[in-house]
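Remarks on the structure that follows.
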Amino acid sequence: MRATYACSRALTSEAKIDYFGEAGRIRTDLLYRVEVPSRLRFDVVSKFGATLSTLTADGREFSLLDLRAHQLLHGPANACNLARFTHVPVPPTALVQLLRGEAPVLVHSEGAASIAWESGKYVVRIDSTRGAREEIHLAPSPADFSKPFSQQNVRVTYVGVSQLGVELYRAELVGHKPSKMALPRVDPDGIDPPEPPSGPECRAEVPGRVHLEVPDGNQDVILENLEVIQNPPAVAGVFQIEAPSGVVVRSSPCAD
């Protein structure tokens, strides 16, 4: 799995996001960018192209700008704060991995993980060092199905995490297809040299749809990718937000 996605350092995509929960159903357009290990940016846009809200996490700080409420929240980049936007308590590192098509792996001791071939897929089960359990489903890519396992590219199709018998979240990944590689960014004025991609050549398969669910809290989020670009050129400051004029800045000390 890690070898399959080793070339994917960052990606960006246009997407549709569907949320089902206490507020009913909310469906909107989304632009996002993620970068390993834990940097991300989500921009929710209206059907007219106006930005409604922006979330960023740079590995340390979380920011959520809600232009409709004229409010900017700042706090630690953790699962609790990220859930203010996604409604699913998934840490930034795990969300970056899932959107890239890779499964986050809980910290565990030697001998605390198993793998078995079940119904056409590999099933990995892990008991973590913190009382959590994880199950990961890996399906060989159709073109690699008959190859030795060490030569197979794999698709992550399911990740489930529970703790003390309570299911924290589950993720289903479907519709995998090869992604596009970013081109260098060219200065339209021809003054600065072209900005190269932020990583090596990469066309790793990315899920067309990521379905995140919190069964205990009745929260349900579906993200559908429209076009994924691998390793886009770096953009300075893209993972931070400066407070616009007239916006109230508040602290969000939410702790995991």
Exercise. Free of Cβ contacts under 8 Å to residues at least 12 places away in the same chain and surrounded by fewer than 17 Cβ atoms within 10 Å (Cβ to Cβ): does that describe residue 120?
Worked result: no
For this session: Could you tell me which numbered condition residue 168 fails, if it satisfies all but one of (1) closer than 20 Å to residue 35 by Cβ; (2) under 20 Å from the mean Cα position of the chain (by Cα)?
Result: (1)
Exercise. Quick check: anything in the range 62-74 within 14 Å of residue 238 (Cβ to Cβ) and among the polar types (S, T, N, Q)?
Worked result: yes
Exercise. Mind checking which residues of the range 25-52 are open to solvent by 30 Å² or more (accessible area, probe 1.4 Å) and of a type in the set (Phe, Trp, Tyr)?
Worked result: 48
Exercise. What about residue 56, is it assigned to a strand (DSSP E or B) and open to solvent by less than 10 Å² (accessible area, probe 1.4 Å)?
Worked result: yes
Exercise. Has the range 59-75 got at least one residue that is touching an Asp or Glu at 6+ places or on another chain (Cβ under 7 Å), touching a residue at least 40 places away in the same chain (Cβ under 8 Å) and open to solvent by 40 Å² or more (accessible area, probe 1.4 Å)?
Worked result: yes
For this session: Select from the range 4-24 the residues that are touching a residue at least 24 places away in the same chain (Cβ under 8 Å), open to solvent by 20 Å² or more (accessible area, probe 1.4 Å) and in a loop (DSSP other than H, G, I, E, B) and list them in ascending order.
Result: 4, 7, 9, 22
Exercise. Would the range 74-97 turn up any residue that is closer than 25 Å to residue 215 by Cβ and hydroxyl-bearing (Ser, Thr, Tyr)?
Worked result: yes
Exercise. Among the strands (runs of 3 or more DSSP E) confined wholly to the range 188-256, which include 2 or more residues that are closer than 26 Å to residue 11 by Cα?
Worked result: 209-214, 219-230
Exercise. Residue 81 fails exactly one of the following numbered conditions: (1) surrounded by 21 or more Cβ atoms within 10 Å (Cβ to Cβ); (2) in a strand (DSSP E or B); (3) not hydroxyl-bearing (Ser, Thr, Tyr). What is the number of that condition?
Worked result: (2)
Exercise. Just a yes or no: is a residue in the range 126-142 part of a strand (DSSP E or B) and basic (Lys, Arg)?
Worked result: yes
Exercise. Scanning for something of a type in the set (Asp, Glu) and touching a helix residue (DSSP H, G or I) at 6+ places or on another chain (Cβ under 6 Å), does the range 162-180 turn up at least one residue?
Worked result: yes
For this session: Please state which one of 96, 45, 88, 36 is among the aliphatic types (A, V, I, L, M) and more than 29 Å from residue 125 (Cα to Cα).
Result: 45
For this session: Kindly indicate whether residue 27 is among the basic types (Lys, Arg), more than 22 Å from residue 232 (Cα to Cα) and assigned to a strand (DSSP E or B).
Result: yes
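The values are calculated or read from the model by the stated rules, or taken from the named source; none is laboratory data. Computed from a predicted structure; not experimentally measured. So basically every Cβ, Gly included, is an ideal-geometry build from the backbone, and we count neighbours across all protein chains shown. SASA here: full protein model, heavy atoms, side chains in, ligands and nucleic acids out. Shrake-Rupley method; radii C 1.70, N 1.55, O 1.52, S 1.80 Å.
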